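The values are calculated or read from the model by the stated rules, or taken from the named source; none is laboratory data. All of these numbers come straight from a predicted model, not from anything done at the bench. Cβ sites come from the backbone with ideal geometry, for glycine too, and all protein chains shown count toward neighbours.
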């Protein structure tokens, strides 16, 4: 198959920042693309060959979008999988395969997948409705605190909440959900596994994540993670085990907990490029977006080593600011060595909305870490006065 | 000035591969762009916010294109400078400034600039018409061999020819031209200087170029050049001297000869991102396209050091092939570590046409050099049968 400057067409469901960064790679190789998103202001609206405005959750819309592409992929899991399945049955290549996507899309199904395949994960209970949780606590079937997660369509801190008191339950939507035992972890880690259509597999170095305590959004991603080699090895093994059983094609970002006694537990996975891999654009020999494209097209996978240490800082909307975005102190961070901001192109900011990220690279990790802190304290995502 | 996700608009004259790679950076920072090119198949037609089809050499077209942008830049020198001058007079920011562009656009004027400013360059003669050259040789005013260059609009090996015999003169167009003394050089080098609107200056490491002997196109660009520190220092000093006198804003790519006795002579310059800086996308802390954007917007300049050794191989159309392009053995080069192809997106190939490039990066220069050779021998740019 000839992909480069050819008639080949790649379909991408979702036109957000992940799609936007994927398009840098399709442009680099002159691969034709067709992208769909529900927002006319989607960051992908330009740089693709064809942009379709439409709902990712509507069967007919997704089905008709996918009919004329050669390979169909996603940049967000919240898509109509029934339509993808029909396309797959009709001979369109869909990566990740719908089977893997179905398993991942529902967090209860995803958890069951881990237990079914002897993949270490935290204990959990499954509920058809959040309202059933109160009874379960009353019966002694569930103890506070726990992590509540909506089973369907949780994304970036939406649909996830730490429940410490009965009060915390009140604001939650009454939907299918799971309650996970809180993990007393030392570190949150992630491993990105790439698996190509031709069955080749490669892993990126283990990264370490620091989360914002309230918003449940990543603040720093640090590559390589500052952990023992043994722990890194174990984390990579667990990620590979998930990948093997999932039989995905493309990237699989595996989020992990390192417990106090250095056990590795799977938190959750995403079958696509992931926030924890953004550092790779500046730091890695092959960035995650190129690797995803290589994998789904059955091309050889690229080298995943890093050229230099990389740290990523998410740019999220400041609290108390909603409206037309303005990035304050950009010049100050551009003064710092090895600092690359990425502005996703969302016109409206709101508290904790992911508006961009900044990558800091340096030969020396401790210097990179200091610069990252400095970046974090300097740049502000606010609304225009 | 607020550039990011704002109403600010950058105009770019020229929609070829240099513009295309510049657009990766404007997309990364969500800077609005408007691009003009004469070809509806220009690589920039997507990924800009607005594409205008039009002649870069037509006064009215260029003038009306530039009226509503905030900053106007170029990705090719062959543009109507009179229109730019009028825009500049009317308050549009034009970088490079038209004065620098005028000096550079005409190779005779460019050569005079070097002699006027005591910048070392090879001796030359200037002719209003190529037809005058024969007389000059007959009179003993010029000796064979020499390098003939058309004064206007030479680009990428077009308009340059080594004249060794009177026969070689016959095919040349009868235009304003210069005849340069052949330089017996050890190496061809290049230094990219960035100069920002606010007057800051930074230089990239000296690179070493290997040219195709017939097509006069770069085959390999090697960063850093494998030369003595003293020579590198001298090359950088000469480049800075040109930059200082040129008073350009944005990048200035300075092509240099290292003579047999380690003198440095300026060959020619380009006031824009340049083929000799493509390696920087994968190898440098700040790539040349981002640096150009930083410079023309008056932002702080980025660090120009390399993370790893970088070598660039141009992908040019194979001899004997004209028509719809096909890239042969792409999978084989993607198997090699640290190899990144860039496909510009030109649909038609012809012998020696620049269709793309491949960057090879490695911690170890000698390993990178071997891989580069391997890449060069493997990939083929042919026409479809």
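Filter the range B:345-369 for residues that are at the interface with another protein chain (Cβ under 10 Å from one of its Cβ atoms), part of a loop (DSSP other than H, G, I, E, B) and surrounded by fewer than 16 Cβ atoms within 10 Å (Cβ to Cβ) and give the result.
Residues satisfying the conditions are B:347, B:363.
Looking at B:153, B:146, which is the one that is at pLDDT 90 or above and under 23 Å from residue B:218 (Cα atoms)?
That would be B:146, the only listed residue that is at pLDDT 90 or above and under 23 Å from residue B:218 (Cα atoms).
Against the condition over 19 Å from residue A:248 (Cβ atoms), surrounded by 21 or more Cβ atoms within 10 Å (Cβ to Cβ) and at the interface with another protein chain (Cβ under 10 Å from one of its Cβ atoms), how does residue A:42 come out, does it pass?
no
Could you look through the range A:303-344, keep only residues that are more than 9 Å from every other protein chain (Cβ to nearest Cβ) and in a loop (DSSP other than H, G, I, E, B), and pick out the one that is farthest from residue B:298 (Cα to Cα)?
The residue in question is A:304.
Considering only the range A:1-18, state which residues are within 12 Å of chain B (Cβ to nearest Cβ) and outside any loop (DSSP other than H, G, I, E, B).
A:17 - this is the single residue of the range A:1-18 that is within 12 Å of chain B (Cβ to nearest Cβ) and outside any loop (DSSP other than H, G, I, E, B).
When residue B:166 is evaluated against the numbered criteria (1) under 30 Å from residue B:283 (Cα atoms); (2) surrounded by fewer than 15 Cβ atoms within 10 Å (Cβ to Cβ), which criterion, by number, is the only one it fails?
Unmet condition: (1).
Just wondering, is there one or more residues in the range B:370-382 that are without any contact (Cβ under 8 Å) to a residue 24 or more places away in the chain and within 12 Å of chain A (Cβ to nearest Cβ)?
The answer is no, given that none of the residues of the range B:370-382 is without any contact (Cβ under 8 Å) to a residue 24 or more places away in the chain and within 12 Å of chain A (Cβ to nearest Cβ).
Taking the criterion of being over 30 Å from residue B:297 (Cα atoms) and assigned to a strand (DSSP E or B), would at least one residue in the range B:129-147 satisfy it? Steps first, please.
Filtering the range B:129-147 down to residues over 30 Å from residue B:297 (Cα atoms) leaves B:129-147.
Still in the running and assigned to a strand (DSSP E or B): B:146-147.
Within the range B:129-147, one or more residues are over 30 Å from residue B:297 (Cα atoms) and assigned to a strand (DSSP E or B).
Give the number of residues within the range B:8-24 that are under 19 Å from the mean Cα position of the chain (by Cα) and surrounded by fewer than 23 Cβ atoms within 10 Å (Cβ to Cβ).
Within the range B:8-24, residues that are under 19 Å from the mean Cα position of the chain (by Cα) and surrounded by fewer than 23 Cβ atoms within 10 Å (Cβ to Cβ) number 2.
Counting only residues that are touching a residue at least 60 places away in the same chain (Cβ under 8 Å) and farther than 15 Å from residue A:248 by Cβ, which one in the range A:53-74 is surrounded by the fewest Cβ atoms within 10 Å (Cβ to Cβ)?
Taking the candidates together, the pick is A:70.
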